[in-house]
Amino acid sequence: MITYIGTEQRGNKLFKLHSQLTKDTIYIGKFELSQLLIHKDANYPWFILVPMLPNISEIHHLLSDEAIQLIKESNLLSEAMSEIFAPDKINIAALGNMVPQLHLHHVARYKNDISWPNPIWGNKPSTKYNKKNLKFRIESLVLAISRKGYNII
């Protein structure tokens, strides 16, 4: 278990989700280290992990145990996405050009999706979820993660 969550290691600042992530995503829950979000663009199964640490913009800024935990959470999310979405590829990216807060995109890609083989960013207009599809996508992911022995709080 990680026991670093304290203000002394992060300059007495508390974690706060970046405003752009708040605007573009919906909160699902959290793992030990990271918040789990779903992007509002329904064109792709697109989830984001955000370590709940203030003032972190790069993976190499994490302590070793934090970096290991982030990779564990990313692997778990990727496995669950592979199980329920059966994509041709899962793209994982930590870009940070527009949002400096460290966050990892996990996007299920298909050879027949609207942007393939190009990047998803700025390629096609975003499509909003309807409530039923959003609920189904989130519940499917949470169930797949729970089948692996993990709970999202």
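Listed values, structure above:
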quantity	calculated
Counted residues, the stretch 83-108 - those being small (Gly, Ala, Ser), at pLDDT 95 or above and in a loop (DSSP other than H, G, I, E, B)	2
Matching residues in the stretch 109-132 - criterion: being within 18 Å of the chain's Cα centre (by Cα) and either of a type in the set (S, T, N, Q) or in a loop (DSSP other than H, G, I, E, B) (or both)	PRO119, ILE120, TRP121, SER126, TYR129
Which listed residue, of SER74, SER57, is surrounded by 15 or more Cβ atoms within 10 Å (Cβ to Cβ) and in contact (Cβ under 8 Å) with a residue 24 or more places away in the chain	SER74
Cβ-Cβ under 7 Å pairs, at least 6 apart or on other chains, the stretch 87-110 side under 16 Å from ALA67 (Cβ atoms), far side surrounded by 14 or more Cβ atoms within 10 Å (Cβ to Cβ) and among the polar types (S, T, N, Q)	ILE92/SER74; ILE92/SER78; LEU104/SER74
The stretch 133-148 residues that are at positive phi and assigned to a helix (DSSP H, G or I), paired with ones that are among the aliphatic types (A, V, I, L, M) and at pLDDT below 95 (beta carbon under 9 Å, 6 or more apart)	none
Per-region count, the stretch 117-148, residues modelled with pLDDT under 95 and of a type in the set (Phe, Trp, Tyr)	1
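Residues are listed down the side, and each one gets a yes or a no for (1) within 15 Å of ILE120 (Cβ to Cβ); (2) β-branched (Val, Ile, Thr); (3) in contact with a His (Cβ under 7 Å, 6 or more places away or on another chain):
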| residue | (1), (2), (3) |
| --- | --- |
| PRO45 | yes, no, no |
| VAL50 | no, yes, yes |
| LEU62 | no, no, no |
| ALA67 | no, no, no |
| GLU73 | no, no, no |
| SER78 | no, no, yes |
| ILE84 | no, yes, no |
| MET98 | yes, no, no |
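The values are calculated or read from the model by the stated rules, or taken from the named source; none is laboratory data. Predicted model, so just to flag it, every value in this text is computed and none were measured. Heads up, the Cβs are rebuilt from the backbone with ideal geometry, glycines too, and the neighbour counts pull from every protein chain shown.
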